[in-house]
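Notes follow the structure.
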Amino acid sequence: MEARTIPTCKRLFLASVLSLGAIAPAGADTSRIADYLKARAADADGRSVIAAAGYARALAGAPTSTAIAARAYREALATNDIALATRAAAVLRGTADAPADLPLLPLAIAASRNDAVAAEQAVAALAATPLGVLGPSLRAWIAYDRGQNPAPALAAAGAGKNPVTQRLAAETAALLQIARGDVDGGLAAVQALRETGSPIDLRLSAAQLLFGNGHADRARTLLAGGDPVFAALRQGTPAKPTLGFGVSRLLGRIASDLAEQDAPALSIALSRTALIANPANDRARLLLASALAKDGATALALATLDAMPAASPFATTAAAARITILANAGSDDEALALACSAAARDGATAADWQTYADRLTAANRHADAAGWYRRVLDADPAEWTAWLQYGGALEQAGDWPGARGALQKAVAIAPREPLALNYLGYAQAERGIDVRESIAMLERARALKPDDASIADSLGWAYFINGDTGRAMPLIERAAAGDPINAEIGEHLGDLYWTVGRRYEARYAWRAAALTADAADQARLSTKIVQGLPAK
């Protein structure tokens, strides 16, 4: 019989079914395969609750399948189905399919119960995984919970010479100093760590412990500043140094570090188990919502934010996060409406105005955005970024005189900020205003940030405007190589090639730019592709 090629979609379907051979041997009920495949479909569509239920039924029918257990474990963590997660983890433990973060669940459950023995067992299981960096700090909290000196556990961080382990241990030591009553020493350690780049999570945790042991004034001093979360926390948010607090703080700390990286599964595992260890950790709740949204589970991310208590110091931040999640999911109108309501309400803050202005900018309503950026600016006239955003909105709205004054103010406040130098220098050069001065600004910006493709393009374009194609060419070519999907850089490269007689390459650059250009710019690029640049 003649061999036939199976279409790709059918091959993938068959592979999925064949991989479930252990689930349904000959003569078995195939309904569990249907459960699994339906769960996979719901998983792909971001319907996590339905997916978790389907994986639970499939796992019941195939209780030794590590393939099903692995997926069930992930969906269970996402949906907070602890019973399913525990059942799936039991199947995975000790197998090749067991994920490195598997011990986090028993660790979090033990911490929530102040069960030091079970927590120690979970920490031992973490040792052979990349999350073993948490070991000394976790053991220090366990020692404290047992009434023992945590110093020997923390000393192990120095012996391992892993900088992440050492950093986490130093932060843990500072918090445990405060917990044990050495407030002066703990605060000195927190300050030293702040000066070397520790995240705000350390200050938040330290302040909570200070409120909890009666040092409210010192907690408020630690939370100085205009951040709305800090302002809310200054009202008093005490925490006790329980094992649940310590474990939750550490897991949330790593989740925070991963927030900008492409690791949603691990981010979800860390932030979910941080919440299991300490359900009052609303910072972890925010991180979980963000990780779920990045994983495509928009509805679940919004539901996670819904669980944020209205009185939480993070409630305002959660409202802004909801707007961002909706916008990223394509619900721009709903995001804009929510941002408008938040900005117009009584008691709205500069953060609310900022969020609304950003959404107006995304909607190309630059004139409206400028008015709200002005409110942000008036709240803090010394902040250069506020002047920059205000000036940018005015420039996009067509008010160049007003924009130039605002941008000049941003540069005056922050003369070594590449972003401010780049914006003003490019905007002036493009209009043929003070081109030499603009080039000098752009040269300073490039010296401060030599690897930035946009700054390289701006400087190259200013050279081109000034008639220096020799200096312009390598800069814009380098910028295009560094950011090949930037339509503006691609158009500049095409213009430059056309000017020096490289017509074929010019049209190629314009066609590439048209692939990612806005609809308004595509017509101009189409004309250039057909007609080239007009003769001067």
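Ordering 101-108, 191-198 by mean Cβ neighbour count within 10 Å, with the highest value first, yields 101-108, 191-198. Determine how large the accessible area of Leu287 is when every protein chain is in place; take a 1.4 Å probe and give Å² rounded to the nearest 10. Approximately 20 Å² of Leu287 is accessible to the 1.4 Å probe. Against the chain, whose longest principal axis is taken from its Cα atoms, helix 519-531 shows a tilt of about 50°. Here the Karplus curve 6.51 cos²θ - 1.76 cosθ + 1.60, taken at θ = phi - 60°, turns the phi angles of region 187-204 into couplings of 5, 4, 5, 4, 5, 4, 6, 4, 5, 10, x, 5, x, 5, 3, 5, 5, 4 Hz, with x standing for Gly and Pro.
When peptides 214-220, 273-279 are ranked by their average number of other Cβ atoms within 10 Å per residue, the highest-first order is 273-279, 214-220. Phi-derived couplings, Karplus 6.51 cos²θ - 1.76 cosθ + 1.60 at θ = phi - 60°, listed residue by residue for region 65-75: 7, 6, 5, 6, 4, 4, 6, 4, 4, 5, 5 Hz, with x used for Gly and Pro.
Positive contributions from Lys and Arg (+1) and negative ones from Asp and Glu (-1), summed over other residues with Cβ under 11 Å from the Cβ of Gly244, come out at +1. Taking each residue as 0.36 nm, the span from Ala520 to Ser341 lengthens on full extension beyond its C-alpha to C-alpha distance by 61.4 nm. Look at the alpha carbon pairs under 8 Å that are at least 6 residues apart: their mean separation over the length of region 246-364 gives a relative contact order of 16 percent.
The simple spin-label model puts a point 7 Å past each Cα toward its Cβ; for Ala280 and Ala315 those points are separated by 1.7 nm. Find the relative contact order for the chain and round it to a whole percent, using C-alpha pairs within less than 8 Å whose residues are 6+ positions apart. The normalised contact order for the chain reaches 6 percent. Please determine, in degrees from 0 to 90 and to the nearest 10, the orientation of helix 435-448 with respect to the longest principal axis defined by the Cα atoms of the chain, where the helix direction is its Cα long axis. The angle comes out near 20 degrees. On the beta carbon distance between Arg365 and Asp262, with R0 = 30 Å, the FRET formula returns roughly 0.45. The calculated 222 nm mean residue ellipticity attributable to helices in the chain amounts to -22500 deg cm²/dmol, summing -39500 (n - 2.57) over DSSP H runs of n ≥ 4 and dividing by all residues.
Computed over region 302-433, relative contact order equals 13 percent, with contacts defined as Cα pairs under 8 Å that lie 6+ residues apart. Say a paramagnetic label sat at a point 7 Å from the Cα of Asp182, along Cα to Cβ; which residues of region 189-223 have their backbone N under 17 Å from it? Hits in region 189-223 for Asp182 at 17 Å: 189-193, 206, 210. Charged neighbours of Ala151, selected by a Cβ distance under 13 Å, balance to +1 (K, R count +1; D, E count -1).
Seen against the Cα atoms of the chain and their longest principal axis, helix 264-277 is set at about 50 degrees. The string of couplings for region 246-260 from the Karplus curve (6.51, -1.76, 1.60, θ = phi - 60°) is x, 5, 4, 4, 5, 5, x, 4, 5, 4, 5, 4, 8, 4, 9 Hz, one whole number per residue in order, with x for Gly and Pro.
The listed residues Val133, Val183, once ranked by accessible area (1.4 Å probe) with the largest placed first, stand as Val133, Val183. For region 300-420, the fraction of alpha-carbon pairs lying more than 22 Å apart is 40 percent, rounded to a whole number. Ordered by solvent-accessible area of protein heavy atoms (1.4 Å probe), largest first, the residues Asp380, Asp457 come out as Asp380, Asp457.
The values are calculated or read from the model by the stated rules, or taken from the named source; none is laboratory data. Bear in mind the structure is a predicted one, so any value in this text is a computation, not a measurement. Every residue, glycine among them, receives a Cβ derived from its backbone with ideal geometry; neighbour counts consider all protein chains shown. These accessible areas exclude ligands, DNA and RNA; they are computed on the full protein's heavy atoms, side chains included. Shrake-Rupley method; radii C 1.70, N 1.55, O 1.52, S 1.80 Å.
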